[in-house]
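K.L.:
Take a look at the following structure, please.
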Amino acid sequence: MGKPDLNVIVVVLDSLRQDHVGFYRGLYGWRSVFDNVPPPDTPNLDKLASESIVFTNAYPSGLPTVPVREELLTGQFTLPYHPWSPMHPDSYTMPELLRGLGYFTGLVADTYHLFKPSMNYTKGFDTWFFIRGQEYDAYGIPPPVNRRVEDYVTKDYYSNYAGSRSYADLVAQFLANIDDWRGEEDWFAARVFKAAVNWVKNAYRKYSRFMLWVDSFDPHEPWMPPPRFDKYTDPNYKGPKLILPMGGEASKWYTSEQINYIRGLYAGEVAYVDYYFGEFYNALRDLGLLEQSIIILLADHGHPLADHGKFLKGGDRLYSELLKVPFMVRLPNGRHLVADAIIQFPDVLPTILNLLNLPETYTYPLAGRSFINVLNGSTNRHRAYAIMGYHEAADRCIRDNEWSLIYRPDGKHELYNLTKDPRERVNLAGEMPDKVNEMLSKLALWFMNRSRPIRQLQAKYELGGTGKV
């Protein structure tokens, strides 16, 4: 199916929910995701899907951002072994493996966690290009000059803390980072994909084969889509521009109108990312590289938008809005197929190596398993189930094609039938104890040996604080 001189292109879109991609909504027969909030337009992702093998059940193992990258880059599971941590010097990464085959490798990213001091996520790349300023990157000097923090927060933002800083401080940092923006070309996804196009134009002329990793932090929060994409919010809304929701129970902080406004901002962010991904994808087509490349596009995880009452990611929010991601593999022949097989992110690297028809002597011990037989259509099965969670939280999710069980350390487990109840509204754990026990039996004991939940886990990671709120 593959040959060693194929290019390898991986595109990661941070926090993109599967149900916000039009192609997937069409599969499920969903016209929209939320009442009163129109779904985003994603024509470019839909075009890629029409030319790709599209997976409906692709899952991370260890969450969130950084453990996911480690899984993708190394083919190893991070749950329960590795928390959010630097790439280990002894880890053997995708670019290092491909460099051994003569590939020229590059990383283009605005995901600032990858290039924080000591993180070592450039390991093995020949070149890397970083775009500064995303989220809480220590880049701009607060307060902003050209924007008023008060226009973007409520009074609760000043008294509610994530780590050691209030949410108002976090908003101020982001606004300071973007204080010099003047036009749409200054937005992050525009710069990331423009840089990716420039990298490809240079690399494909100079090297017989290349591997490019494009890591777009958008549509991760804060959500500030360019004006022409900010068309999914209520035009009559007069409240603050809530570009960064606070964690915890949404109804504690926001009115229903504000919740819908935040959801609309996210939809606009998705549409804008789709547009600039499209510019990159069209450039690959114009250069004739689509038929010379393996292209994998995915999200690291989704994002809770108060579907189950809470905004932001967290160890207690292991529902489809966090776990279900778009995952597409475009092969040079543009073959289209929808696959329901369960795969997990450590499976990506061995599959790439398999697609390149590596000789039998070129081996490296990987925990992931190649799903090449799913790509060639010979089977629609890969893993019997997937297990997901945060290294430092006690909750775990185990799911197969029909059932999802959320293990809770207090015994208040949640069981959902994903085929009859894809929105996970009806908890059947009390009615079906045998099914609960069946699912629990698949969980190894070492997945359940932590009993101390951590609140505001994302703040602990991103801000380096205690995570206690």
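K.L.:
With just the Cα atoms defining each centre, how far is the range 143-188 from the range 391-421? Give it in Å.
P.N.:
Centre-to-centre (Cα) distance: 35 Å.
K.L.:
OK, next. What aspartates and glutamates does K412 reach when the alpha-carbon gap must be under 14 Å and sequence neighbours fewer than 8 apart in one chain are set aside?
P.N.:
D316, D395, E431
K.L.:
Okay, moving on. Can you tell me which of 290-303, 30-43, 317-330 comes out highest on packing, and rank the rest after it, using the mean Cβ neighbours within 10 Å?
P.N.:
Working: 290-303: 21.6, 30-43: 16.4, 317-330: 23.9.
Answer by packing, highest mean first, reads 317-330, 290-303, 30-43.
K.L.:
Run the helix sum for the chain: -39,500 (n - 2.57) per DSSP H stretch of 4+ residues, divided by residue count, reported at 222 nm to the nearest 500 deg cm²/dmol. Before the final figure, lay out each step's value.
P.N.:
Working: 13 runs with 127 residues, N = 469.
Per the formula, -8000 deg cm²/dmol.
K.L.:
Under 22 Å Cα-Cα from K116, which lysines qualify once same-chain neighbours fewer than 8 residues away are excluded?
P.N.:
K313, K460
K.L.:
Compare the Cα positions of A341, F34, P117 along the charge dipole of the range 7-384 (+1 at Cβ of Lys, Arg; -1 at Cβ of Asp, Glu; about the Cα centre) and return the one farthest towards the positive end.
P.N.:
Positive-end residue among those listed: A341.
K.L.:
Here's a follow-up. If amide H atoms are built 1.01 Å from N in the plane of the peptide, which residues on other chains or at least 5 residues away come under 5 Å of the amide H of G248?
P.N.:
F311
K.L.:
A further question on this structure: Find which of A384, F327, P350 sits farthest along the positive direction of the dipole of the range 261-391, computed with +1 on the beta-carbon of Lys and Arg, -1 on that of Asp and Glu, about the Cα centre.
P.N.:
The residue sitting farthest along the positive end of the dipole is A384.
Every number in this text was worked out from the coordinates using simple rules, so none of it is lab data. On a predicted model such as this, the values are computed, not experimentally measured, just so you know. Quick reminder, even Gly has a Cβ in these numbers, built from the backbone with ideal geometry, and neighbours come from all protein chains shown.
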